[in-house]
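In what follows, a single structure is set out as structure tokens and then discussed.
The values are calculated or read from the model by the stated rules, or taken from the named source; none is laboratory data. Keep in mind it's a predicted model, so treat the numbers as computed, not measured. We place every Cβ from the backbone using ideal geometry, glycine too, and count neighbours over all the protein chains shown. When the accessible area is computed, the model is the full protein with side chains, heavy atoms only, and any ligands, DNA or RNA have been set aside. Shrake-Rupley method; radii C 1.70, N 1.55, O 1.52, S 1.80 Å.
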Amino acid sequence: MFFIPAVAISAWFGGLGPSVLAIAMSLALIRVNFFGPGWLGAGPAHGTLAAVVFLVVALTIAVTMEAMRRSRALADSHASDLERLNADVTRSATRATKLVDVTTALSEANSVDEVTAVVLTKGLAVVEAARGVLISVEGDRLKLLGTRGMSPALEAQVGRLTRDTEVPVVQALRTGKMISIESAAEYREKYAGVIEGFEELADMQTYLATPLVHAGETVGSIALHFKEAAAVGASDRTFTLLLAQAAATALHRARSYDAELEKRRHAELVAQAREDVLGVVAHDLRNPLNLIQMTVELIIDEELPVERRKQMLDIALRASKQMNRLIDDLLDSVRMQAGRLSLDVEDVSVGTIIRQTEETFRPLAERRHLHFETTAQDGVTVRADPARVSQIVGNLVGNAIKFTPEQGSVKLRVTPDDKNVVFQVVDDGPGIPPDNMSHLFDNFWQARKSDRRGVGLGLAIVKGLVEAHGGKIWVESNVDHGSTFSFSLPAVSALADKTETMIS
């Protein structure tokens with residue numbers, strides 16, 4: 001019986017195989033009578049029976065210990081499974097709590113910017129994503145709301161996505177289904193060459209993109225990149241879909257809020273514009289109107305000399321022109337702020353604009369003893385409203401002549417530049433202080449409040465007209481060295497090239 005513990009230990013730690021070996025060795029030792037003399041003989045009395053009993057007991061112990069060992073291993077496996085399940089449940093509970101926090105934050109977010117911030121910070125933390133992209137749909141266009149984990153250069157590339165771009169975030173939007181990429185190699189193979197710089201995104205293990213759908217309407221899409229391959233599991237997909245649903249609802253509500261806020265802001269601007277117009281009507285129109293009234297009263301006097309009568313008529317005529325100009329400026333300002341400015345666009349020769357400007361302003365420049373010069377290349381044409389372009393140029397040239405001291409110079413230059421035509425009005429007047437540069441194009445703004453030669457609408461209207469044509473305007477100025485007002489308009493050839501490209 002001394003060999004029974006050895007068999008039990010072998011079965012417990014080694015399994016059935018080692019225990020059988022231990023039994024065989026024990027039987028051999030029993031057979032030689034503990035290494036006694038005559039071990040090759042018949043052996044002691046009842047030796048065979050003892051060996052058989054020992055074999056039965058040893059095998060029973062071995063089988064029992066093997067069963068117990070397997071039961072222990074199975075129990076250990078179940079315990080490990082329970083620990084993993086408990087960890088998964090704890091992780092899911094934690095993520096669910098965080099998702100509730102995200103949902104609460106999204107419900108409190110009013111603007112689209114606030115929704116974007118919540119989704120790309122707290123939302124990504126819930127689903128444990130390393131990188132994210134959020135896009136909204138505005139008509140036929142896509143708008144990049146924000147990214148996280150991308151370089152500025154790549155973010156700029158993503159900002160130019162269209163509905164036809166073959167990337168997961170757009171494909172999910174088009175198909176209305178979740179797009180799943182389960183390896184970096186698959187992502188690199190499918191998308192690395194689609195857009196310059198996309199190869200740097202092929203550094204993750206899992207990529208998920210899902211549409212944002214609210215009440216059957218696709219309002220955008222979101223793409224998430226994960227460092228771990230486990231992100232394609234059912235639990236992870238569920239949390240991603242829950243985040244997408246919450247984001248879609250919040251985005252739809254925020255867009256409505258932003259639209260309403262924009263309408264309110266627009267209404268406030270229009271109301272303010274009306275107040276400004278009333279102020280101008282009450283003050284700036286009253287002066288020329290009073291002047292006209294006074295001159296008319298003097299003209300009525302039959303004894304007024306003819307020469308004096310002619311002077312009074314000239315004064316009344318100038319006052320009426322001033323009133324008419326003020327009224328036109330006020331109407332243009334209100335139309336722009338209400339978004340109702342219309343343009344009658346056609347192909348306009350720059351030479352014609354230059355000639356009309358010279359005819360209008362050269363006499364005025366000569367009266368002020370200024371040198372007025374114009375330069376332009378032949379054959380240059382812009383696509384614009386001729387009356388509005390003449391208004392833009394006339395306003396800038398008129399301002400330059402008005403503020404340039406005698407013996408100074410004013411130059412109007414027009415040059416083609418790439419796909420645009422650039423107009424420049426250059427003077428050697430007093431220049432503009434740096435503090436005033438940011439206010440030049442504001443409505444009703446004047447550097448000197450006592451200057452009653454205008455109401456501060458001219459440059460604001462010029463800026464609005466230039467931008468309505470698809471151009472831009474800018475200013476360069478040095479105090480005591482003059483100013484250069486420049487604006488660009490699309491050239492006819494550039495518009496033709498653009499049209500041909502769109503057609504092809």
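Report the equivalent ellipsoid semi-axes for region 171-228 in whole Å, largest first, defined as the square roots of five times the eigenvalues of the gyration tensor built from alpha carbon atoms. All intermediate terms of the calculation are to be shown ahead of the outcome.
Numbers: eigenvalues 107, 30, 15 Å².
They are 23, 12, 9 Å, listed largest first.
In region 288-440, what percent of the accessible surface is made up of carbon and sulfur (1.4 Å probe, ligands and nucleic acids excluded)? Provide the component values of the computation, followed by the final result.
On the way: 4530 of 8970 Å².
That share works out to 50 percent.
If N is the number of residues in region 115-259, what value comes out of its Cα radius of gyration divided by 2.2 N^0.38 Å?
This ratio for region 115-259 stands at 0.96.
Enumerate the calculated ³J(HN,Hα) couplings along region 363-370 in order (Karplus 6.51 cos²θ - 1.76 cosθ + 1.60, θ = phi - 60°), each rounded to whole Hz, writing x wherever the residue is Gly or Pro.
x, 5, 5, 5, 5, 8, 6, 10
Tell me which residues come under 5 Å, amide H to amide H, from residue 410 once H is placed; ignore anything under 5 positions away on its chain.
Here the answer is 371, 372, 373, since their amide H atoms fall under 5 Å of that of residue 410.
Sorted by average packing, counted as other Cβ atoms within 10 angstrom per residue and highest first, what order do 347-359, 119-131 take? Before the final figure, lay out the partial values.
Working: 347-359: 16.8, 119-131: 21.1.
The peptides rank, most packed first, as 119-131, 347-359.
Please report the equivalent ellipsoid semi-axes of region 113-178, computed as sqrt(5 x eigenvalue) of the Cα gyration tensor, largest first, in whole Å. Before the final figure, lay out each step's value.
Working: eigenvalues 75, 39, 29 Å².
Semi-axes, largest first: 19, 14, 12 Å.
Determine ³J(HN,Hα), in whole Hz, for all residues of region 296-306 in sequence, where each value follows from phi through the Karplus function 6.51 cos²θ - 1.76 cosθ + 1.60 and θ = phi - 60°; x replaces Gly and Pro.
5, 4, 6, 5, 4, 4, 5, 8, 5, x, 4
Given +1 on the Cβ of Lys and Arg, -1 on the Cβ of Asp and Glu, and no further charges, what dipole in debye does region 356-429 carry about its Cα centre, rounded to the nearest 20? Don't skip to the answer; put the middle values down first.
On the way: 9 positive and 11 negative charges, 40 e Å.
The dipole of region 356-429 has a size of about 200 debye.
Which residues' amide hydrogens lie under 5 Å from the amide hydrogen of residue 146, considering only partners 5 or more residues apart or on another chain, with H built in the peptide plane?
134
Mind checking which lysines have their Cα closer than 26 Å to the Cα of residue 402? Skip sequence neighbours fewer than 8 apart in that chain.
Within the straight-line cut-off, residue 402 pairs with 310, 321, 411, 449, 463, 472.
Using θ = phi - 60° and the Karplus relation 6.51 cos²θ - 1.76 cosθ + 1.60, list the HN-Hα couplings for region 114-131 in order, rounded to whole Hz, with x at every Gly or Pro.
5, 4, 4, 4, 5, 4, 7, 10, 5, x, 5, 5, 5, 8, 6, 8, 8, 8
Taking every pair of Cα atoms in region 338-386, average 1/r, invert it to obtain the Kirkwood radius, and report Rg/Rh to two decimals. The partial results should precede the final answer.
Working: Rg = 14.3 Å, Rh = 12.8 Å.
With Rg and the Kirkwood Rh in hand, the quotient comes to 1.12.
Order the peptides 477-489, 361-373, 210-222 from the highest to the lowest mean number of other Cβ atoms within 10 Å of their residues.
Numbers: 477-489: 17.8, 361-373: 15.2, 210-222: 20.0.
Descending mean neighbour count gives 210-222, 477-489, 361-373.
For residue 285 paired with residue 141, estimate the spin-label separation in nm (one decimal), with each label point 7 Å from Cα along the Cα-to-Cβ line.
3.6
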